[in-house]
Every structure is written in structure tokens, then in C-alpha cells.
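Take a look at the structure set out below.
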Amino acid sequence: MRHLLDIVDLSEQEIYSLIEKAQDIMQRPTKYQDVLRYRKVATLFFEPSTRTRLSFEAAAMELGANVIGFQSAAASSTAKGESIGDTVRTVSNYADIIVMRHPVEGAPYAAVLDSEVPIINAGDGGHNHPTQTLADLLTIYRRKETFDGLTIGVCGDLKYGRTVHSLLRAMSRYQNVRFVCISPKELRLPEYMTEFLRDKRIDYTETVDMEEYMSELDVLYMTRVQRERFDDKNEYERLKDSYILSESKLTTARADMCILHPLPRVNEIAKEVDMDKRAAYFEQVKNGKYMRMALILFLLDHRNDPTQFVSLDHTADRCRNPKCILQFESALPGLTRTIGTKKRCYYCESLI
Ligand code: CP
């Protein structure tokens, strides 16, 4: 079966097909209202969520499916010490597809080792968030009518911002795309992302100044500083208001620039910007539900396809990333995969 762990699990052609499907669902919702009758979608959320969980649940219901699941680890047998593998193996008996969010990097990658149904990664720690990227891509496509030739600014917490990691991977596949990565030094992109951009020979610039390249941007993707990922709360307090987008900061921006944010926002976009026609973050929310409907249909249609495992190797050198699922579940096998020229942890992509 197919899973969605990383946005690059979908080809560019498949992404275009999802965009077409999502737009068709928007225009003709009644055509789809019963297509998943008697099917069940499980939403296993080990970490808080408003948009991702509720949009998946709304998506399932609008396709005629039923929804089961839980909203926190405390409300599941995880609280009694059950492993992710046993949890998904159990839920595979009750549901046709599993949507999983987890605070630990690589948790959905562990889940697919035991699941008998497709797994959708709804965000794993500071690693990936591919279905947010589907919402982002539809919004960019509807605003810009292309993915090629765009200059995309990503601003804020690029270290822990999983939506940024997935967006950069997705957009790197299009022609002549350039990234401007705006962050404090402490919150720059992680090593596996800069290595990815260098490997693909993507044009990217790192800066601390939000306004330096503003006039060149087609898209400005703002993000929140991710309080829940910091080990040092004083560092969070010091960095949390590094960037606040206001109307005055947009004076040099193009009239057709598109302002995105995965939400939730804290302070990083002033409320006054909501009225600016360039603000598209609530369109993103709406688009997310339709892309998730298209994705559920796609994965259920492809459930008999061979699993797209990249080649995995067992290793005795277990990953040392303290935020990797391997540190939390000792029974998981140490596995590596080769990305570019380097061996990396299968779960979280840290160098081994
Ligand atoms: N964008 C996003 O993932 O929002 P939630 O955390 O509310 O799901």
C-alpha cells in the first residue's frame, strides 16, 4: 500500500492530480458525498491540533466516511506504555486509513513498519508535515497559476518548523525556484535540509533580515517560533518575537506577493495584515480540507500498490538525535537509509 510520510512520496504528476481532484471536489461536492460510505478514517493525534485533525475529520465526513480516534496520548493506551507499532496494528483492524500526528520525530515512520492500512503523517515533531504542504501547494497554485520560477521567502523558526521542511522539499522539484531563508542564527534550517538543498543544487540564501529581500518575493511563508520544541524556555522567550509582519514591513513587497502561514499564529503576523489582499493564510485553511479529501481518496485507491519503501539497512549504530522516536521506543530496530551520498537514520534523517 502507499503511505504519505514525506511530501516527496508523491510525484509531481500525483500532486497535480490531487490539485485537480481537490478543485473538482470544491466545485461539485455532492458528487463525492457518499464515495466512502461505510469506510472509517482513524485520527490518532498524540499532539494538539486544530486545523489538521478537524480538517481530516471534516474531509472524511464530507466523503461519507466515519471517523474514530483520539485527540491526545493521554486519552489512549500510550499512557499505559503501549508502543506505536502495537497501537497502529490494533487500529488497522478498525479503520481503513490512519492519520497520525506525534510530537516525536519519525513516529509515523515507525508506524508504517506495523500498520496494515495506509498511514498519513499529520506532523512528526520538528521533522515533516506533508499534508500542510498539500494545502500550501494548492494555495500557491491558485494564486500564482504555476510553481515554476517562484522566489519563496520562509521566515521564522526554520529549525523546528516542519511545515517549512516539507514545503522546501516540495517546491525544490520545480524549475528555477529560489528560496530566501529568514531566521535568527539559532533557528536556521537543520543540517539535513541544507544538505538536501545543496544536493539538489537549489538556489537558496540565508539571512536574518526579513525586509532585505522583500521586494523580490513571490511568496512569503511566515511561521511561529515552536515553543513546544525548545529544551531551554529562556531561549524561546528571547527568540519568540524575532519577526512580526506588519503593514509597514510590506511597503516594498510586490502587489501580487502571497503571504502564507500554516497557523496557528502567535505574534508573527499583525492582525492588520489579515485585511491585505496578499494575505492567503485563511485560504490555506480552506484548501487544506479539499486537498486532504483528495489525498484520502488517492491512498485508498492505491492501497493495493506495493509499499514504496526506500532501501533500508539495519544498523547497530543507533541514532543519537534526542528527539528521534528511537530514543523513546527501545524495541524499534535501528535502521538507516541513504539520502544523497550519506547514511541517515530512517526515522528522523539525522546523520548516523
Ligand atoms: N497547520 C497546522 O498543523 O495546524 P494545527 O497544529 O492546528 O493542526
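Across segment 163-210, which residue is nearest to Leu5 (Cα to Cα) among those that are touching a His at 6+ places or on another chain (Cβ under 8 Å) and within 16 Å of the ligand (Cβ to nearest atom)?
Restricting to residues being touching a His at 6+ places or on another chain (Cβ under 8 Å) and within 16 Å of the ligand (Cβ to nearest atom), the top hit is Ser166.
Being more than 25 Å from Leu4 (Cα to Cα) and surrounded by 15 or more Cβ atoms within 10 Å (Cβ to Cβ) is true for just one of Met293, Met222, Met214. Which residue is that?
None of the others qualify; the one that does is Met214.
Among (1) within 16 Å of the ligand (Cβ to nearest atom); (2) under 17 Å from Leu332 (Cβ atoms); (3) among the hydrophobic types (A, V, I, L, M, F, W, C), there is one condition Val112 misses while meeting the rest; what is its number?
Evaluating Val112 over (1) within 16 Å of the ligand (Cβ to nearest atom); (2) under 17 Å from Leu332 (Cβ atoms); (3) among the hydrophobic types (A, V, I, L, M, F, W, C) leaves (1) as the failure.
Against the condition assigned to a loop (DSSP other than H, G, I, E, B) and crowded, with 20+ Cβ neighbours inside 10 Å, how does Pro306 come out, does it pass? If you could, list the steps in order and put the result at the bottom.
Values: assigned to a loop (DSSP other than H, G, I, E, B): yes; crowded, with 20+ Cβ neighbours inside 10 Å: no.
Judged against the criteria, Pro306 is not a match.
I need a count of the residues in segment 231-251 that are surrounded by 13 or more Cβ atoms within 10 Å (Cβ to Cβ), touching a helix residue (DSSP H, G or I) at 6+ places or on another chain (Cβ under 8 Å) and touching a residue at least 12 places away in the same chain (Cβ under 8 Å).
Here is the first cut: in segment 231-251, the ones surrounded by 13 or more Cβ atoms within 10 Å (Cβ to Cβ) are 235-236, 238-240, 242-245, 249-250.
If we keep only those that are touching a helix residue (DSSP H, G or I) at 6+ places or on another chain (Cβ under 8 Å) too, we end up with 235-236, 239-240, 242, 245, 249-250.
Within this subset, residues satisfying the condition of being touching a residue at least 12 places away in the same chain (Cβ under 8 Å) are 235, 239-240, 242, 245, 249-250.
Total meeting the criteria: 7.
When you scan segment 316-331, do you find a residue that is in the same structural domain as Lys200 (by TED's automatic domain parsing), part of a loop (DSSP other than H, G, I, E, B) and not acidic (Asp, Glu), even just one? Talk me through it step by step, then tell me what you get.
Residues of segment 316-331 in the same structural domain as Lys200 (by TED's automatic domain parsing): none.
No, segment 316-331 contains no residue that is in the same structural domain as Lys200 (by TED's automatic domain parsing), part of a loop (DSSP other than H, G, I, E, B) and not acidic (Asp, Glu).
Got at least one residue in segment 49-62 being more than 16 Å from the ligand (Cβ to nearest atom), within 20 Å of the chain's Cα centre (by Cα) and over 16 Å from Gln132 (Cα atoms)?
Looking only at segment 49-62, we keep the residues that are more than 16 Å from the ligand (Cβ to nearest atom), and these are 61-62.
Checking which are within 20 Å of the chain's Cα centre (by Cα) leaves us with none.
No, the conditions are met nowhere in segment 49-62.
Regarding Pro322, is this residue surrounded by fewer than 16 Cβ atoms within 10 Å (Cβ to Cβ), farther than 26 Å from Ser92 by Cβ and free of Cβ contacts under 8 Å to residues at least 12 places away in the same chain?
Criteria met by Pro322.
I'd like to check something: does segment 135-155 contain any residue that is small (Gly, Ala, Ser) and either assigned to a helix (DSSP H, G or I) or surrounded by fewer than 19 Cβ atoms within 10 Å (Cβ to Cβ) (or both)?
yes
The values are calculated or read from the model by the stated rules, or taken from the named source; none is laboratory data. Quick caveat, the model's predicted, so the values are computed rather than measured. Virtual Cβ from ideal backbone geometry, glycine too; neighbours counted across all protein chains shown.
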